[in-house]
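Here the structure comes first, spelled out in structure tokens, and everything after it is commentary.
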Amino acid sequence: MRKILVAGNWKLNGSLAGNEALVSGILAGMSNVQNADVAVCPPYPYLPQVRDLLSGSAVKLGSQDNSEHEQGAYTGEVAAPMLKEIGCHYAIVGHSERRSLYGETDAITASKFEAAQKAGLVPILCVGELLEERENGTTEEVVARQLDAVVDLVGIAAMANSVIAYEPVWAIGTGKTASPEQAQAVHEFIRSRIAAQDAGVAEGLQILYGGSVKPDNAAELFAKPDIDGGLIGGASLNAEDFLGICTAAN
Ligand code: 13P
């Protein structure tokens, strides 16, 4: 039985004071979270602060990205071993905002995934189609291409030590959630594509849904057989909303 994972992607939000209030609000409600693993992914400069705030709790720390390079002359980049050293457990890679705003290709995403794993981080690989891709019926083709780029590089066995997040781009920050049926269909497709190479890996793989998940739609999404939790943007910035999503798995 796969465990539900709820991960908050804070994106470009936060401040020392704001993070402290948010994390203390989350921790205050964690005793009510019975069935979910929980993680938060703050911006890079706040990782040590949030690590210290989370210390002694079950909430894990993640980064929102990592460089595909381990070290060297790459101004502005942050390497996976640095993130591991600072206390990260997870690293989000291939978020649609990285792909669309910063030109990150499937190949770069795959290299980042590989670098994260090499450093001992668990990558959370984001995949998902644009609105026009959904409308022209190429959702599965797009998701397969994004997934295959990674599997072809790291090999199927490495997928066992990762998390996948299906985030339809048209549902991110728009208030438009994919229906539980729409999401389930793509999650099932992702799992079956992995299963075609390794049934055991597919069975154990956590596949999260992301895109306008809120406390009032989380339970219905998480009830679907191939939806194993959520990657939460906007609602992860409010402790009550984030906890409402975490307890939806109870
Ligand atoms: P929202 O929950 O704000 O739609 O963002 C989803 C997301 O991009 C998480 O990575």
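Every number here is computed from the coordinates shown, using simple stated rules; none is lab data. All values derive from a computational prediction rather than experimental measurement. Heads up, the Cβs are rebuilt from the backbone with ideal geometry, glycines too, and the neighbour counts pull from every protein chain shown.
Applying a 10 Å radius around every beta-carbon, put 97-108, 213-224 in order of their mean neighbour count, most first.
Numbers: 97-108: 14.7, 213-224: 18.9.
Per-residue Cβ counts within 10 Å, averaged per peptide and sorted highest first, yield 213-224, 97-108.
Using alpha-carbon pairs under 8 Å, 6+ residues apart, how would you state the relative contact order of the range 1-145 in percent? The partial results should precede the final answer.
Details: 209 pairs, mean separation 27.3, N = 145.
Relative CO of the range 1-145 lands at 19 percent.
For the range 55-114, what is the relative contact order in percent, using Cα pairs closer than 8 Å and at least 6 residues apart in sequence? Intermediate values should be presented prior to the final figure.
Details: 60 pairs, mean separation 23.6, N = 60.
Worked out over the range 55-114, it gives 39 percent.
So for the range 149-199, what percent of the C-alpha to C-alpha distances run longer than 14 Å?
Values: 766 of 1275 pairs.
Here the long-distance tail beyond 14 Å is 60 percent of all Cα pairs in the range 149-199.
I'd like the distance separating the alpha-carbon centroids of the range 115-161 and the range 73-95, in whole Å.
One Cα centre to the other: 18 Å.
Multiply the residue gap between ARG193 and THR138 by 0.36 nm, knock off their C-alpha separation, and tell me the result in nm, one decimal place.
Details: separation 55, 0.36 × 55 = 19.80 nm, distance 1.55 nm.
Taking 0.36 nm per residue and subtracting the Cα distance, the gain is 18.2 nm.
On each of the three principal axes of the Cα atoms of the range 185-226, give max minus min coordinate, whole Å, ordered largest first.
The Cα atoms of the range 185-226 stretch 36, 14, 12 Å along their principal axes.
Quick one: net charge of SER179's neighbours, Cβ under 11 Å, K/R +1, D/E -1? Please report the intermediate quantities before stating the final value.
Details: positive: LYS176, LYS224; negative: GLU181, GLU220.
Here the charged neighbours net out to 0.
Along the three principal axes, how long is the range 1-107 when you take its alpha carbons, biggest first, rounded to the nearest angstrom?
Sorted from largest, the Cα extents of the range 1-107 read 44, 35, 24 Å.
For the range 206-250, with equal point scatterers placed on the C-alpha atoms only and solvent neglected, what are the log10 I(q)/I(0) values from the Debye formula at q = 0.32 1/Å, to two decimals?
Normalising to I(0) and taking log10 leaves -1.25.
Can you pull the Kirkwood radius for the chain, inverse mean 1/r over Cα pairs, to one decimal in Å?
Numbers: mean 1/r = 0.0559 Å⁻¹.
Answer for the chain: a Kirkwood hydrodynamic radius of 17.9 Å.
I need to check one value: relative contact order of the chain, counting alpha carbon pairs closer than 8 Å and at least 6 residues apart, in percent. Intermediate values should be presented prior to the final figure.
Working: 501 pairs, mean separation 57.2, N = 250.
It rounds to 23 percent for the chain.
Using Cβ contacts closer than 10 Å as the measure, can you line up MET159, MET30 from fewest to most?
Sorted ascending by nearby Cβ count, the order is MET30, MET159.
For the range 121-219, compute Rg over Rh where Rg is the Cα radius of gyration and Rh is the Kirkwood radius from the inverse mean 1/r over Cα pairs. Write out the running numbers ahead of the final one.
On the way: Rg = 13.3 Å, Rh = 13.8 Å.
Rounded to two decimals, Rg over Rh is 0.96.
Go ahead and set up a Gaussian network model of the chain, Cα springs under 10 Å, then flag whichever of ILE156, ILE26, ILE190 fluctuates most.
Sorting by GNM fluctuation, first place goes to ILE156.
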